[in-house]
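Here the structure is laid out as structure tokens; the discussion comes afterwards.
We did not get these values from a lab; they are worked out from the coordinates using the rules stated. Bear in mind that the values here come from a model prediction, so they are computed numbers and not experimental data. Here the Cβ positions follow ideal geometry from the backbone for every residue, glycine too, while neighbour counts run over all protein chains shown.
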Amino acid sequence: MAKLDFRGLLALLCSELLVANLAGCVGHRVALPEVRPPSQVFDPLSEELKKSYLTLFETASQFEYSDAQIAKMQEYLKQAQDYCVGRFENVSNEYQRRVDETQKTLKKPAITEEERHNLHCSIQDARALRGEADVISQQAIPVAYDNKRAKLEVIQKWPAQLKEIRASLADGTYKLRRWADVEDIGFREIEKDQQADIKLGQESIRDLKASGLMPKEIDDDAVVTYVKRVAEKVVANSDLHVPLHITVLNSKEINAFAFPGGFVFVERGLLEAVDDESQLAGVIAHEMSHVVARHGHKLMAKATVSSIIYQMAQIAAVVLTGGAAGIGTYYALQYGFYGLGLALNLNLLGVSRDFEAQADQLGIQYAWKAGYDTSGFIRFFDKMATKEGYVNGASWFRSHPPFYQRMVDSEREITYLPKQASPTVNTTEFAAMKEALTKVSAKAEEESKQRPSLISPEQSCPAPSKLLYEPDQPIEAICSTPQTVSVAKEPGN
Amino acid sequence: MFNTANSFCSQRAWQLASLFAAAFLTAQVGGAKEPALETISLYLNVEKDGGLITGLTQGNFRLYLDGKPQPFRLEGPEEPASIALLVEYSASSGYFLDDLNASMQGFLKHAPEGHWYALATFSRELEVHTDFTKQVGEITAAYSQLGLPAWNEIDTYDAVYEMIDKMGRLSGRRILIVVGCGLDTFSEHSMDQVKAKVESEDITIFVAALGSLFRGSYDQYLNSSARLSLIQAQAFLQMMAQKSGGFAWFPNHFNAFPDVMQGIMQSIATQYRLVYEPPPRNFGKFQKIKVEAFRIVNDKREDFKVLVRKGWR
């Protein structure tokens with residue numbers, strides 16, 4: 001035990017020294033942003049950017065920030081992102097250097113078995129940290145700053161938008177918008193011939209199953225029955241004219257996706273991520289809307305499920321074989337770290353902002369008609385964009401970015417809809433589902449921990465390090481001196 | 001090296017560890033493997049006239065270590081098994097591509113759900129393409145995008161040695177499926193070293209031997225040197241399978257490879273597991289294993305062929 005403690009301390013010391021050395025690194029931008037609004041503007045504005053979209057929609061009209069101040073803040077965010085990305089890129093390079101140097105040391109003659117073991121542990125740790133730094137610099141930071149910029153736009157533009165919305169409500173022109181006839185939901189025809197897509201959907205599912213890549217279905221009745229009940233409630237209040245087939249997959253990916261013809265897949269990670277029933281209903285309604293509007297049918301001509309699966313496998317292999325550099329990393333971040341649902345969504349649906357906007361609008365309408373709190377959809381966006389955990393699992397969010405226009409369009413649609421008397425936010429069934437899901441997740445996690453590995457062979461190493469990154473923290477804290485922490489070791493990882 | 005079992009056994013291990021604390025610490029510092037664990041799982045298949053026999057009970061088996069009867073119990077196989085595919089993928093393997101592709105198609109078709117699967121290839125060196133996953137499709141999809149092999153070497157001995165070494169660090173039931181021709185061009189390890197490695201780890205090796213063209217259509221055109229090389233390669237593959245309690249298939253046509261994969265999966269599905277507490281022995285010295293399987297039909301003993309490792313080193 002004493003020996004392990006010593007190793008742990010040594011590793012911690014090395015990590016700290018490494019981080020301290022980063023001060024001299026060169027990268028994108030070595031200095032903190034030069035442009036920055038005065039602190040009496042910067043400080044409160046920074047705090048506002050941490051608030052939810054819903055809060056900003058409510059309070060934006062009270063702000064008195066000038067366009068010049070907002071522009072300065074935008075420039076600050078741009079520079080801050082560049083600085084932050086650069087810092088984490090340098091961290092990545094530094095860990096790679098550590099790997100290279102340790103590998104050289106390994107080649108030295110007459111090293112003892114204990115030294116060799118320690119060097120292996122060091123390489124293992126540095127490789128993992130390098131991977132984390134890459135994800136943070138190429139994925140987490142850009143998304144976090146996209147989100148901040150979108151919120152800044154809400155602060156700047158929403159008051160004017162709100163005036164327009166109120167004006168159109170007053171003069172009735174809001175009834176001229178696309179699919180304004182919400183009182184006829186269920187009797188409208190958003191797209192003709194939904195039935196014609198059933199065969200295409202069945203073929204896609206057959207391809208998916210034959211590929212051997214489809215995660216197993218959850219076999220817990222309480223979870224599956226609940227999800228089906230929520231989905232059926234939404235369907236009953238939608239323009240879907242084909243039977244709904246809902247499948248709950250036992251995958252930790254935070255995602256849901258739909259195939260043409262009424263085949264909707266919800267993944268376990270999504271059920272874990274949603275906080276209430278209205279959020280889940282919002283996501284299911286959104287995916288269902290893709291089926292209603294026949295988006296899959298239109299896009300599948302360009303990309304078959306087989307080709308997507310093939311592409312995804314290529315990318316996953318790039319990551320695994322250590323080739324995650326340059327374009328490889330780009331695609332890995334796009335697909336490889338997330339999973340099947342993301343690849344399908346990005347290739348089948350996520351490539352079109354028009355389709356997303358349509359699905360947002362219809363999804364909000366169906367959730368509303370089903371009696372759900374329509375803000376659930378936006379709240380889920382917010383959670384995914386803001387929480388630290390989204391980086392590694394929120395693939396639904398990756399294919400559904402929260403750009404400003406989308407948030408505003410969603411809020412506008414919500415404002416146009418007749419007010420609900422007492423919309424459903426949550427139910428006792430949701431809580432029961434969550435409880436049942438805990439067991440399913442625990443079992444899956446346990447299985448995941450038991451997973452054998454050929455990749456990380458060095459055993460009995462000190463607890464691995466993890467890079468700290470919390471999007472809500474000021475860049476002075478998260479970027480100037482990137483910190484590592486020691487985490488409990490997970491076997492097989 | 002050997003499988004651990006239940007908490008009772010863990011307690012025993014703790015007692016043993018306390019008794020041999022000095023030796024234990026030496027092993028930790030030196031990185032050497034500690035052989036003194038409490039139970040051994042011995043995996044085997046039983047067959048008759050080429051057909052796998054299932055449904056036997058403990059009374060149908062006899063186990064002998066170095067010729068002496070050894071008490072054991074028949075238990076269900078550890079699930080899930082860790083099954084790794086080691087696939088030859090060299091620029092010199094052009095003649096084997098049909099065999100390879102048919103093998104992988106067969107694998108996708110016949111690999112049952114629930115086990116862990118991994119894919120590694122080799123030419124000059126070993127490359128792990130898919131770490132253990134329960135989604136068989138990840139294996140075949142990774143294989144389908146391998147691209148052109150860069151090296152001409154077929155360093156089978158090194159690859160098998162390294163793969164056994166990697167799998168030897170895992171626990172539970174471990175199975176290695178080698179899809180290769182058995183030739184070796186430039187390995188650092190010798191065949192004897194590979195043999196010793198196979199004997200020292202409880203990993204069952206099944207082989208789908210590439211080279212159906214040479215065993216089939218091209219056989220008559222081979223000169224004596226090529227024929228000798230092939231015989232040596234086959235002997236190596238056969239040795240690995242036999243020493244580890246597995247089986248090697250040598251199809252004469254690529255169309256047979258899906259059936260070979262089915263055969264391998266059936267063998268895995270019908271493995272028996274004999275669990276015993278090993279008597280003290282001189283580690284490093286080869287310990288012979290013999291298992292008899294039989295059943296009594298009409299008061300007559302009907303013996304079966306047992307595919308089991310030849311012993312432990």
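Would you mind telling me the antiparallel percentage of the DSSP bridges in the stretch B:82-269, rounded to 5?
The antiparallel proportion sits near 20 percent.
Within 10 Å of each candidate Cβ there may be at most 10 other Cβ atoms; applying that plus a DSSP loop requirement, which GluC sites (Glu not before Pro) in the stretch B:162-261 survive?
Here the GluC sites (Glu not before Pro) that fit, given the DSSP loop and packing criteria, are B:GLU188.
Put a dot 7 Å past each Cα toward the Cβ at A:ALA431 and B:ASP165; how far apart are the dots in nm?
Computed distance between label sites B:ASP165 and A:ALA431 equals 5.7 nm.
Counting only other chains, what is the mean number of Cβ atoms within 10 angstrom of the Cβ of each residue in peptide B:167-177?
So the per-residue partner count for this stretch is 2.
As an exercise, identify the trypsin sites (Lys or Arg not before Pro) in the stretch A:409-475 lying in DSSP coil whose Cβ has no more than 14 other Cβ atoms within 10 Å.
Of the trypsin sites (Lys or Arg not before Pro), the ones in loops of the stretch A:409-475 whose Cβ has at most 14 other Cβ atoms within 10 Å are A:LYS419.
If the convex hull of the alpha-carbon atoms of the stretch B:82-269 is projected onto planes in all directions, what is the mean projected area in square nanometres?
9.5
Based on other C-beta atoms within 10 Å, arrange B:MET104, A:MET288 from fewest to most.
Sorted ascending by nearby Cβ count, the order is B:MET104, A:MET288.
Loop-only chymotrypsin sites (Phe, Trp or Tyr not before Pro) in the stretch A:171-208, please: DSSP not H, G, I, E or B, and at most 13 other Cβ atoms within 10 Å.
A:PHE187
Which of the helices in chain B meet the span-like rule: DSSP H, Cα axial reach of 20 Å or more, Kyte-Doolittle mean at least 0.0?
B:224-244
Using R₀ = 35 Å, calculate the FRET efficiency as 1/(1 + (r/R₀)^6) where r is the Cβ-Cβ separation of B:ARG313 and B:GLU188; round to 0.05.
Step by step, r from the Cβ atoms, then E = 0.95.
Taking the beta-carbon count within 10 Å as an exposure proxy, list B:THR39, A:THR427 from fewest neighbours to most.
Result, fewest neighbours first: A:THR427, B:THR39.
Can you run the Rg to Rh ratio on the stretch A:164-245? Use alpha carbon positions and the Kirkwood inverse-distance Rh.
Computed over Cα atoms, the ratio is 1.14.
Using alpha-carbon pairs under 8 Å, 6+ residues apart, how would you state the relative contact order of chain B in percent?
27
Give me the one-decimal nm value for the distance between modelled label points at A:GLN405 and A:LYS175, 7 Å along each residue's Cα-to-Cβ direction.
So the two model labels end up 2.8 nm from each other.
Semi-axes, largest first, in whole Å: what does sqrt of 5 times each Cα gyration tensor eigenvalue give for the stretch B:229-308?
Semi-axes, largest first: 28, 22, 13 Å.
HN-Hα J couplings of the stretch A:436-449 from phi, Karplus 6.51/-1.76/1.60, θ = phi - 60°, integer Hz, Gly and Pro as x?
Here the 3J(HN,Hα) series is 5, 5, 4, 5, 4, 5, 4, 5, 5, 5, 4, 4, 5, 5 Hz.
Pull out the extension gain between A:ARG166 and A:LYS51, defined as 0.36 nm times the separation in residues minus the alpha carbon to alpha carbon distance; nm, one decimal.
39.0 nm is the gain from fully extending A:ARG166 to A:LYS51.
With each run of n ≥ 4 DSSP H residues scored as -39500 (n - 2.57), what mean residue ellipticity at 222 nm is computed for chain B after dividing by its residue count and rounding to the nearest 500 deg cm²/dmol?
-10500 deg cm²/dmol
Please compute, for peptide B:133-143, the average count of beta-carbon atoms on other protein chains lying within 10 Å of each residue's beta-carbon.
Shielding by partners across B:133-143 averages 6.
Under a cut-off of 18 Å between alpha-carbon atoms, report the aspartates and glutamates in cross-link reach of B:LYS195, not counting same-chain residues fewer than 8 places apart.
Counting by Cα, and skipping residues close in sequence, B:LYS195 has these aspartates and glutamates nearby: B:ASP155, B:ASP158, B:GLU162, B:ASP165, B:ASP184.
Here is the link list: A:LYS72/A:LYS151; B:LYS243/B:LYS288; B:LYS134/B:LYS197; A:LYS233/A:LYS383. Which ones come out longer than 19 Å on Cα distance?
Where the Cα-Cα span goes over 19 Å, the pairs concerned are B:LYS134/B:LYS197; A:LYS233/A:LYS383.
Ranking B:TYR117, A:TYR366 by Cβ neighbours within 10 Å, fewest first, what do you get?
Ascending Cβ contact count within 10 Å gives the list B:TYR117, A:TYR366.
Which aspartates and glutamates does A:LYS78 reach when only Cα atoms under 12 Å apart count, and residues fewer than 8 places away in its own chain are ignored?
Once the sequence-local aspartates and glutamates are set aside, what remains near A:LYS78 is A:GLU34, A:ASP146.
Which of the aspartates and glutamates could a cross-linker bridge to A:LYS108, judged by Cα under 15 Å and excluding same-chain residues fewer than eight apart?
A:ASP100
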